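Remarks on the structure that follows.
The values are calculated or read from the model by the stated rules, or taken from the named source; none is laboratory data. The structure presented is a predicted model; accordingly, all values stated were derived computationally and were not measured. Methodologically, a virtual Cβ is constructed for each residue, glycine included, from the backbone with ideal geometry; neighbour enumeration extends over all protein chains shown.
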Amino acid sequence: MFQEKISEFVQKYRNSYISYWKDFHRHPEPSHKEIRTSGKVAEILEGLGIEVKKQVGGTGVIGLLKGDSNGPTVALRADMDALQIKEETGCEFASVNDGVMHACGHDSHTAMLLGAAHVLSELKGHVKGNIKFIFQPAEEDSPVGGAPGMIKDGALENPKVEAIFGIHMWPTLETGVMGIKEGVMSAASDRLNMSVRGKSTHAATPEFGIDAIVITSQVISALQTVISRNVSPLDSAVITFGKIEGGSRYNIVADQVDLDGTVRTFDPNTRKLVAEKISQIAKGTASSMGGDCIVDYKWGYPPTMNDHQATKIAKEAIVKTVGKNGLYEISMPNPGGEDFAFFSEKVPAAFAWLGCRPKGIPPEEFPKLHNNKFLPDEEALPIGVTYLCQVALTALEALSK
């Protein structure tokens, strides 16, 4: 009965949440500046008669739907922020904010959760407990993220959340497919800043200086041994520097080089080991060449962990949504970072991937996340709304037993 009712209301409100998606896409806002977005979210929730809390963890919004009978509380989470990328999709609802774009699907996540709020409000009489709708800012603000601020402001309390669920648009999966796995779902994402120090001199007399650029080249090469010789072949980790700045002129030996990078790990012990080795090797290499290296290792997002029972509930909801053939059993976690992980540290959680690649388009031809041409298939949104409703109701039923 619930599946039929959910399908009926998902279709009934399709024009609404599709219009929300296009509106959010047209007006993207970067991390901590989701003023218009959060305002519209709050307005829509209030229009549904849902209890609303604003400015949670900054620009976050929480909606609380209280069922007509007592029971546990489950939460559904969506992120709202956009990326600082110039859009090149050419779609009719492209960004009007130059240099800012929803290139990671957060606009659709927000719209789908609002769609679920519409549907579940219609089914309020059958809700045994409470459903929290968590609209989170600053997911892209690594290494801090927006989830910790919401948690600090009580997002998981009053009433206490017993399980939380989230989804993410996933362009490598075809529309109609959803992926999930128990355990580690995504990597820990840490930030690495280093400053290599030397001594400047004329380029023609390098013997009077200490070349920070040469030292930096050795440091970068040496750090790759952390992966090849300190991390088990059965585990994995990544150290990547995406930005290097150094030197002032072609004929001056550089006295400083600054590096900005990221470290990805899956195992907590490996995460700690890699951080320690990076500092040891970078400082040691620089010192052996007469220089110095200042290492600033910023602990960022932890690994996203899918709880056993929550994952079981999510899989049941996925099958109800897309059928057994639509359930993709993920074998390996993704090395990307996701600040839903902070929620998964506090309460049982399950995070799933929602296929959004139109049927008939090969994976290699469809733009990936964080690409200036990424635009999810519109047909994926009703699937996401359906899943969010199914997983909330399935979880309430399971946790009530």
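If you go through the range 131-151 and keep only what is surrounded by fewer than 23 Cβ atoms within 10 Å (Cβ to Cβ) and among the acidic types (Asp, Glu), you end up with Glu140, Asp141. With the structure loaded, tell me whether Lys373 is farther than 16 Å from Thr110 by Cα and in contact with a strand residue (DSSP E or B) (Cβ under 8 Å, 6 or more places away or on another chain) or whether it fails that test. For Lys373, the condition - farther than 16 Å from Thr110 by Cα and in contact with a strand residue (DSSP E or B) (Cβ under 8 Å, 6 or more places away or on another chain) - is not met. Checking each residue in the range 1-24 for being buried (at least 19 other Cβ atoms within 10 Å of the Cβ), within 26 Å of the chain's Cα centre (by Cα) and farther than 16 Å from Phe135 by Cα picks out only Val10.
Selection over the range 38-56 of residues that are under 17 Å from Ala116 (Cβ atoms), in contact with a helix residue (DSSP H, G or I) (Cβ under 8 Å, 6 or more places away or on another chain) and surrounded by 13 or more Cβ atoms within 10 Å (Cβ to Cβ) gives a count of 7.
The condition (being in the same structural domain as Asn70 (by TED's automatic domain parsing) and either buried (at least 16 other Cβ atoms within 10 Å of the Cβ) or at pLDDT below 95 (or both)) is satisfied by just one residue among Pro171, Pro159: Pro171.
Against the conditions (1) more than 22 Å from the chain's Cα centre (by Cα); (2) more than 28 Å from Gly323 (Cβ to Cβ); (3) buried (at least 17 other Cβ atoms within 10 Å of the Cβ); (4) of a type outside the set (A, V, I, L, M), where does Phe93 fall short? Just the number, please. The number of the failed condition is (3).
Among the residues making up the range 96-130, a single one is surrounded by 24 or more Cβ atoms within 10 Å (Cβ to Cβ) and among the charged types (D, E, K, R): Asp107. A count restricted to the range 141-192 and to residues that are in a strand (DSSP E or B) and not acidic (Asp, Glu) stands at 22. As for the range 384-401, it holds no residue that is among the basic types (Lys, Arg) and touching a Gly at 6+ places or on another chain (Cβ under 8 Å). Taken together, Lys5, Lys33, Lys22 contain a single residue that is within 29 Å of Ser95 (Cβ to Cβ) and either in a helix (DSSP H, G or I) or without any contact (Cβ under 8 Å) to a residue 24 or more places away in the chain (or both), which is Lys22.
Per the listing Val385, Val347, the residue uniquely buried (at least 16 other Cβ atoms within 10 Å of the Cβ), touching a strand residue (DSSP E or B) at 6+ places or on another chain (Cβ under 6 Å) and in the same structural domain as Asp153 (by TED's automatic domain parsing) is Val347. If you go through the range 273-285 one residue at a time, do you hit one that is in the same structural domain as Glu338 (by TED's automatic domain parsing), charged (D, E, K, R) and either outside any strand (DSSP E or B) or touching a residue at least 40 places away in the same chain (Cβ under 8 Å) (or both)? Checked against the condition, which is being in the same structural domain as Glu338 (by TED's automatic domain parsing), charged (D, E, K, R) and either outside any strand (DSSP E or B) or touching a residue at least 40 places away in the same chain (Cβ under 8 Å) (or both), the range 273-285 yields no hits at all.
Being touching a Gly at 6+ places or on another chain (Cβ under 8 Å), among the hydroxyl-bearing types (Ser, Thr, Tyr) and more than 30 Å from Leu259 (Cβ to Cβ): is that true of Thr175 here? So Thr175 passes the test. Considering every residue within the range 346-356, establish whether at least one is among the small types (Gly, Ala, Ser), modelled with pLDDT of 95 or more and part of a helix (DSSP H, G or I). Looking through the range 346-356, none of the residues is among the small types (Gly, Ala, Ser), modelled with pLDDT of 95 or more and part of a helix (DSSP H, G or I).
Taking (1) crowded, with 20+ Cβ neighbours inside 10 Å; (2) under 15 Å from Ile180 (Cβ atoms); (3) β-branched (Val, Ile, Thr) in turn, Thr285 satisfies each apart from (2).
Let's see how each residue does on (1) assigned by TED's automatic domain parsing to the domain that holds Leu354; (2) in a helix (DSSP H, G or I); (3) among the charged types (D, E, K, R):
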| position | (1), (2), (3) |
| --- | --- |
| Thr216 | no, yes, no |
| Pro233 | no, no, no |
| Gly290 | no, no, no |
| Thr321 | yes, yes, no |
